[in-house]
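Working notes for the structure below.
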Amino acid sequence: MQNVTVYTKNNCVQCMMTKKTLAQYGVSYVEKNVEEDEAALTFLKDQGYQAVPVVFTNEQSQKTHPFCT
């Protein structure tokens, strides 16, 4: 089974819709809120991301992700 991690922040409409869509299709996920988890924020910044939501699966390597520098 595929592991999915969704990086979010509080009061983010796009984040809420991403989670709603995943739930609609029966995809279970782990949520990491970058406003509450400093390690998650640092991780995303290190990967080159500047906005959320960001969705990773266990099949994606952060080094080969198309949006990473």
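The values are calculated or read from the model by the stated rules, or taken from the named source; none is laboratory data. Since we're looking at a predicted model, the values are computed, not measured. Every residue, glycine among them, receives a Cβ derived from its backbone with ideal geometry; neighbour counts consider all protein chains shown.
Quick rundown of the values:
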quantity: Residue that is nearest to Thr8 (Cα to Cα), among those in region 19-55 that are among the polar types (S, T, N, Q) and either in contact with a strand residue (DSSP E or B) (Cβ under 6 Å, 6 or more places away or on another chain) or assigned to a loop (DSSP other than H, G, I, E, B) (or both); calculated: Asn33
quantity: Residue match in region 56-68 (condition: at pLDDT below 95, outside any loop (DSSP other than H, G, I, E, B) and among the aromatic types (Phe, Trp, Tyr)); calculated: yes
quantity: Top-ranked residue in region 2-27 [being more than 13 Å from the chain's Cα centre (by Cα) and within 14 Å of Phe56 (Cα to Cα); ranked as surrounded by the most Cβ atoms within 10 Å (Cβ to Cβ)]; calculated: Val27
